[in-house]
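Following: one structure in structure tokens, then a few remarks.
The values are calculated or read from the model by the stated rules, or taken from the named source; none is laboratory data. Not measured: the values here are computed from a predicted model. Neighbour counts run over all protein chains shown; Cβ positions are idealised from the backbone, glycine included.
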Amino acid sequence: MKKYIIIISIIVVGAAVFGLVFSLKNKQSQDQEAQAELIEESKDREVLITVEPGMTFSTICEEVGVSATLMTELLTTSQETYDLVKIRVGREIKFYFDKETGNFVRLIYPIDSEEELFIEYDQAGVLLAERRVIDYQIKIKTVSGTIDSSLYQSALDQNVDIRAIIELADVFAWTVDFGMGIRVGDTYKFIYEERYRNNQYQRPGKILAAKFVNDGKTIEGYYFSEGKDDDGDIVDGYYHSTGESVQKIFLKNPVDFKYISSGFTTGRRYVEAFNVSTGHRAIDYAAAAGTPIRAVGDGTVTFAGWSKAGYGNLTSIRHNSVFSTNYAHQSKLAVSSGEKVVQGQIIGYVGSTGFSTGPHLHFEMVKNGTKINPLTVDIPSDKSVSAEKMEEFKTAISSWQEQLNNIII
């Protein structure tokens with residue numbers, strides 16, 4: 001009996017030793033493969049080009065030594081994935097070449113803050129192009145404060161990336177008038193992502209949760225994604241704790257303005273410059289000539305051209321069966337009749353065409369055929385969290401709510 005026990009023990013120990021040896025060899029093999037990959041990667045020479053005004057993909061390729069034939073092949077290969085003719089000023093294009101042969105290996109171009117274009121050869125030597133999600137390292141940052149002059153200045157005083165401030169303002173753009181509605185003493189708290197690559201800060205990411213107290217009214221916004229719809233598009237947005245969307249149908253203001261030069265009136269007023277008395281069922285936003293004008297909501301352009309009624313260059317947008325908006329006195333139009341536009345899209349530029357005494361945007365909102373005051377109309381939320389996702393939403397935001405409540409200003 002002891003003999004069998006000894007034999008079994010030897011077998012068990014032997015198996016363990018064999019397993020250990022195999023594991024060590026396997027790890028050694030993996031280390032060798034990783035080392036080989038590093039050696040292979042080190043063979044690539046990187047050439048980084050920052051796109052400057054006047055540069056084209058053609059001139060950049062010529063500068064880095066890419067032949068006209070290869071340049072054409074790169075353009076053709078990437079056309080359906082991303083058109084390299086549309087490279088943007090300020091972006092960086094990375095070319096990689098084999099250190100020994102000098103042959104092209106790959107190209108990387110940042111399409112936006114979320115994706116990069118990769119063009120490289122496959123094992124068969126065929127050029128392939130694909131979009132790849134940028135793999136950021138995410139750090140969570142919390143910011144809070146009391147406004148003394150403006151939200152921007154208050155956050156900048158805390159060394160917050162201005163892009164995060166702009167993103168925060170965008171979250172509340174439908175409910176807070178950042179042009180005229182900010183009050184001294186208003187408070188804010190927000191939690192957002194900071195994105196890093198190779199331990200180097202790159203840019204702010206999503207605003208995850210925010211609370212803004214404006215003139216005594218508390219407004220909250222929480223980021224939530226319901227996943228993808230049947231078309232593969234991500235369904236996400238910012239919502240109140242009730243699940244109702246923070247985003248309204250319309251932006252609060254269609255232009256960054258200096259002041260309101262003329263308010264909404266139903267009575268008649270005398271305009272000395274033109275010696276006429278007329279009503280003013282609109283808001284006039286005084287702004288510098290050339291300031292971009294943005295569509296306050298999604299819709300279809302029903303008119304874009306010269307108006308004979310004194311509006312000068314005019315754009316009219318139908319948003320739905322109830323609402324439409326008009327943008328008058330533009331210096332230049334940026335859309336055409338019949339074109340579909342999205343909220344925030346630039347549709348033209350501030351000017352002083354038509355019956356106008358100076359650069360401004362004459363903005364009209366029409367509800368069921370009647371011009372109404374854009375500053376006082378109560379616009380309902382555009383969407384809400386779906387019923388089947390409501391419990392998931394409540395669970396997702398509970399930790400953000402707790403963190404916001406624990407921030408002492």
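Could you say whether any residue in the stretch 41-59 is closer than 23 Å to ARG195 by Cα, basic (Lys, Arg) and in a loop (DSSP other than H, G, I, E, B)?
no
For the stretch 160-244, which fully contained strands (runs of 3 or more DSSP E) count at least 1 residues that are out of contact with any Gly (no Cβ under 9 Å at 6 or more places or on another chain) and charged (D, E, K, R)?
Correct list: 187-197, 200-214, 217-228.
Out of all the residues in the stretch 161-172, which are crowded, with 20+ Cβ neighbours inside 10 Å and at pLDDT below 85?
Once the filter is applied, which keeps residues that are crowded, with 20+ Cβ neighbours inside 10 Å and at pLDDT below 85, the stretch 161-172 yields VAL171, PHE172.
Can you confirm whether the stretch 332-341 contains a residue that is assigned to a strand (DSSP E or B) and over 12 Å from VAL301 (Cα atoms)?
Yes, some residue in the stretch 332-341 is assigned to a strand (DSSP E or B) and over 12 Å from VAL301 (Cα atoms).
Restrict the check to the stretch 135-148 and report whether at least one residue is at pLDDT below 90, surrounded by 15 or more Cβ atoms within 10 Å (Cβ to Cβ) and closer than 12 Å to ASN214 by Cβ.
no
So, SER337, is that one modelled with pLDDT under 90 and of a type in the set (Gly, Ala, Ser) or not?
No; evaluated as a whole, the condition is false for this residue.
Of the residues LEU48, LEU117, LEU107, which single one is loosely packed, with under 15 Cβ neighbours inside 10 Å and in contact with a strand residue (DSSP E or B) (Cβ under 6 Å, 6 or more places away or on another chain)?
It is LEU48.
Report, by residue number, each residue of the stretch 229-261 that is modelled with pLDDT under 90, among the β-branched types (Val, Ile, Thr) and surrounded by 18 or more Cβ atoms within 10 Å (Cβ to Cβ).
Once the filter is applied, which keeps residues that are modelled with pLDDT under 90, among the β-branched types (Val, Ile, Thr) and surrounded by 18 or more Cβ atoms within 10 Å (Cβ to Cβ), the stretch 229-261 yields VAL246, ILE249.
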